[in-house]
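What follows is a single structure, written as structure tokens, with notes after it.
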Amino acid sequence: MSQPAPLPLVESLFDAPLPASGIAWLDAARHENRAAFAAGGLPDTRVEAWKYTALRALGQRRFARGDDGATSRVVAASTFALPGVDGPRLVFVNGVFRADLSALDALPAGLTLQPLSQVLHDDAEPLRFVLSRPALIGDTREVGDVFTRINAASAAEGVMLRVAAGVKVAAPVQLVFVGAVADVELAWHLRNVIELGKGAKLSLIEQHVSDAEPAQLATVVSDIELREGAQLHHTVLQNVAIATSLMRRSSVRLHARAHAMLHALELGGALVRHDLRAELVGDGARFDTRGVFMPHGRQHIDTQLAIRHQALNTTSTSTWRGVANDRARGVFRGAIVVAPGADGSDASLSNKNLLLSPSAEIDTKPELEIYADEVKAAHGATVGQLDERSLFYLRSRGIPLAEARALLTAAFCRAVLDDLPNEALREHLSGLLVAQLPA
Amino acid sequence: MNMLKIENLHARVEGKEILKGLSLSVNAGEVHAIMGPNGAGKSTLGNVLSGRDGYEVTAGSVTYNGVDLLALEPEARAAAGVFLAFQYPVEIPGVNNTYFLRAAFNAQRKARGEKEFDSMQFLKLVREKLKVMQISDELLHRAVNEGFSGGEKKRNEIFQMAVLEPQLAILDETDSGLDIDALKHVADGVNALRSPDRAFLMITHYQRLLDYVVPDFVHVLADGRIVESGDKSLALKLEEHGYAGLGEGAAA
């Protein structure tokens with residue numbers, strides 16, 4: 001096989017100087033990942049994991065690494081303000097920590113919330129194991145994991161969040177990742193490490209937003225570890241600018257009786273991919289996800305959900321809705337594996353999709369593999385259009401067509417936000433969904 | 001001026017001619033019953049008047065308060081005061097009944113250039129109407145028609161009518177599938193809404209609804225046309241003799 005010329009994207013990312021940590025093992029890991037990334041290049045659509053998400057156009061672009069002006073970019077607080085959310089906050093702008101926008105005073109006892117750079121500066125050794133490998137879960141040598149490689153080579157900043165055993169944090173913690181317009185088209189990378197100790201409890205809000213319309217590439221890799229009996233309520237709001245490409249990978253590991261509940265709204269971005277992986281490694285662990293992806297215009301939003309049941313009596317529920325308008329494309333893969341020995345597990349997955357325009361497309365692929373006994377499993381996926389009878393019923397009562405469509409679409413998505421406990425936040429997120437609909 | 005004037009209406013569904021020259025005039029304050037056998041075009045008439053897709057008008061006209069009704073979108077007809085009580089009300093999961101009704105109510109007011117109601121004002125109105133309709137407010141908290149019994153769905157239609165206060169109400173086989181108690185409730189609701197400003201077009205297969213809502217006029221619709229018109233005694237005659245053999249004189 002002949003070696004094609006390296007893609008501009010690969011070249012530009014490879015050529016960018018790596019962050020120098022002065023820590024031998026970390027620098028070595030970064031070099032290793034960069035070399036692996038350059039050797040592997042970008043996967044094409046023949047690679048199963050990228051079958052519906054082409055990287056061709058992205059591959060032709062160049063991005064500069066790091067924003068020298070990131071600390072002085074003016075970002076309005078309204079960019080990330082959320083009703084019902086007023087607690088500790090960590091804000092990054094173009095991949096750089098912004099103390100001035102963060103709220104880290106008077107953290108409750110038992111909560112550690114710091115920028116990763118600070119931890120690396122103070123004492124990197126405890127993170128050695130985590131940062132020496134690209135991500136918590138999965139075989140990162142697989143071709144599809146190119147962005148995790150880039151991230152592992154390039155990320156020098158991120159979130160370091162720990163909740164000590166037994167500590168229940170009352171106020172929601174807000175993590176904000178802002179893209180802001182810079183002089184050049186930027187690539188930036190963040191690496192988050194989140195751990196809840198035994199019996200700890202946390203409500204976490206993760207926001208990906210933009211100030212103005214930056215054309216940039218961002219990668220965000222998060223490891224989330226829930227120790228025995230820990231409880232995490234995680235809300236993700238992805239609403240980046242329409243010119244931004246965002247590649248995320250979140251790995252959640254749940255020990256015995258740990259429970260994670262995720263609500264996700266995927267609204268923004270040009271090319272967006274989220275690899276969400278969960279391993280239920282302890283007996284009785286539970287992982288619930290609810291999500292909506294709603295691309296319009298020419299957006300492409302891809303969610304890859306992979307759940308592995310590896311212990312007895314583990315439970316996962318996944319309820320995802322996709323709504324695509326205009327010429328947009330949505331992709332959803334929901335892969336559930338019940339591994340040998342994970343007897344008594346219960347896994348359900350539902351992905352319903354709505355096409356609001358004849359040129360929109362959604363590709364959905366539920367996968368279920370069961371290798372254990374006494375397993376309850378249900379999964380299903382549909383793609384359809386708004387029901388004409390319902391539309392006429394609403395119109396016959398005086399509701400104009402556009403409003404009727406919005407009302408039915410919002411209703412279609414309702415199941416996703418129904419059990420979000422923070423009412424003010426739930427109302428706000430519902431409003432964002434409606435605002436995304438065509439007028 | 002008639003409130004509603006239908007002249008020589010021809011309409012097709014999926015290429016098949018269903019209405020073949022239907023003419024009918026309705027004045028404010030009147031209750032008209034349209035009766036006829038299955039397949040005569042009764043439901044087609046209701047659907048054409050309310051603007052449902054898939055019904056092609058090939059000839060004739062419908063004038064409502066001097067306006068060409070057929071040129072209006074369904075929502076504009078509603079705002080102008082036309083209401084269709086569905087034969088098969090649609091279940092809409094995820095949309096709260098009260099929310100839906102307020103959205104409809106305010107959309108109509110907005111279209112007419114009237115001030116919209118806030119949730120307090122609207123709740124007050126709904127409470128008053130509930131009392132008149134004798135409907136449990138539990139229905140209000142549920143999704144539109146979702147999991148409603150047949151009777152509950154029909155009563156919900158009448159309740160919507162009570163809140164929206166149309167000028168012209170078209171009841172499409174509202175009596176079908178109802179037991180006698182539910183039928184009485186629906187009839188009481190309709191009777192409570194009768195007024196000199198409002199007209200009703202009751203489309204029905206059976207005479208029994210007319211025992212409870214007494215019409216001013218009864219029309220027999222057969223093969224796409226009104227073949228006979230009369231007062232309420234015509235309904236009784238139909239009950240006795242059936243549709244066969246009726247309207248021969250008029251059709252000639």
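Annotations
- The set of residues in region B:168-189 being in contact with a strand residue (DSSP E or B) (Cβ under 7 Å, 6 or more places away or on another chain) and not in a strand (DSSP E or B) consists of B:E173, B:T174, B:D175.
- Among the residues listed as B:A76, B:A28, B:A71, the single one being touching a helix residue (DSSP H, G or I) at 6+ places or on another chain (Cβ under 8 Å), farther than 26 Å from B:G151 by Cβ and surrounded by fewer than 22 Cβ atoms within 10 Å (Cβ to Cβ): B:A76
- Residues that are assigned to a helix (DSSP H, G or I), surrounded by 16 or more Cβ atoms within 10 Å (Cβ to Cβ) and of a type in the set (D, E, K, R), drawn from region A:17-75: A:R30, A:R34
- Yes/no for B:F122 being farther than 25 Å from B:N27 by Cβ and either facing chain A (nearest Cβ under 8 Å) or not in a helix (DSSP H, G or I) (or both): no
- Region A:113-130, residues that are touching a strand residue (DSSP E or B) at 6+ places or on another chain (Cβ under 7 Å) and either within 16 Å of A:P19 (Cα to Cα) or of a type outside the set (V, I, T) (or both): A:L113, A:Q114, A:P115, A:L116, A:S117, A:V119, A:L127
- Within region B:87-100, considering residues that are of a type in the set (A, V, I, L, M, F, W, C) and at the interface with chain A (Cβ under 7 Å from one of its Cβ atoms), the one surrounded by the fewest Cβ atoms within 10 Å (Cβ to Cβ): B:V90
- Only one of B:D231, B:D175 that is touching a helix residue (DSSP H, G or I) at 6+ places or on another chain (Cβ under 9 Å) and touching a residue at least 12 places away in the same chain (Cβ under 8 Å): B:D175
- Filtered residue count, region B:1-45, keeping only those that are under 20 Å from B:T204 (Cα atoms) and acidic (D, E): 1
- A:D418 meets each of the listed conditions (1) within 14 Å of chain B (Cβ to nearest Cβ); (2) crowded, with 17+ Cβ neighbours inside 10 Å; (3) not β-branched (V, I, T) apart from (2).
- Number of the condition not met by B:G113 [criteria: (1) surrounded by fewer than 19 Cβ atoms within 10 Å (Cβ to Cβ); (2) within 14 Å of another protein chain (Cβ to nearest Cβ); (3) touching a helix residue (DSSP H, G or I) at 6+ places or on another chain (Cβ under 9 Å)]: (3)
- B:Q108 being buried (at least 17 other Cβ atoms within 10 Å of the Cβ), within 14 Å of chain A (Cβ to nearest Cβ), touching a residue at least 40 places away in the same chain (Cβ under 8 Å) and assigned to a helix (DSSP H, G or I): yes
- If you go through region B:128-151 and keep only what is surrounded by fewer than 18 Cβ atoms within 10 Å (Cβ to Cβ), within 24 Å of A:A411 (Cβ to Cβ) and away from every other protein chain (no Cβ under 12 Å), you end up with B:L130, B:S136, B:D137, B:E138, B:H141, B:R142, B:G147, B:S149, B:G150.
Table: residues versus (1) in a strand (DSSP E or B); (2) surrounded by 24 or more Cβ atoms within 10 Å (Cβ to Cβ).
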position	(1), (2)
A:G179	yes, yes
A:A182	no, no
A:Q207	yes, no
A:E225	yes, no
A:L246	yes, yes
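- Residue satisfying condition, being among the hydrophobic types (A, V, I, L, M, F, W, C), away from every other protein chain (no Cβ under 12 Å) and either out of contact with any strand residue (DSSP E or B) (no Cβ under 9 Å at 6 or more places or on another chain) or under 18 Å from A:L391 (Cα atoms) (or both), within set B:A103, B:A162: B:A162
- Inter-residue pairs, beta-carbon under 7 Å, first touching a residue at least 24 places away in the same chain (Cβ under 8 Å) and in region A:144-172, second of a type in the set (G, A, S) and part of a strand (DSSP E or B), 6+ apart: A:P172/A:S203
- Checking A:L394 against (1) in contact (Cβ under 8 Å) with a residue 24 or more places away in the chain; (2) surrounded by 14 or more Cβ atoms within 10 Å (Cβ to Cβ); (3) not β-branched (V, I, T), the condition it does not meet: (1)
- Of the numbered criteria (1) within 17 Å of the chain's Cα centre (by Cα); (2) away from chain A (no Cβ under 14 Å); (3) at negative phi, the one B:L19 fails is (1).
- Any hit, region B:222-232, residues being at positive phi and in a loop (DSSP other than H, G, I, E, B): yes
A short reminder: the numbers here are calculations on the coordinates, not readings from a lab. All figures in this text were calculated on a predicted structure; none of them were measured in a lab. Note: ideal-geometry Cβ built from the backbone for every residue, glycine included; neighbour counts use all protein chains shown.
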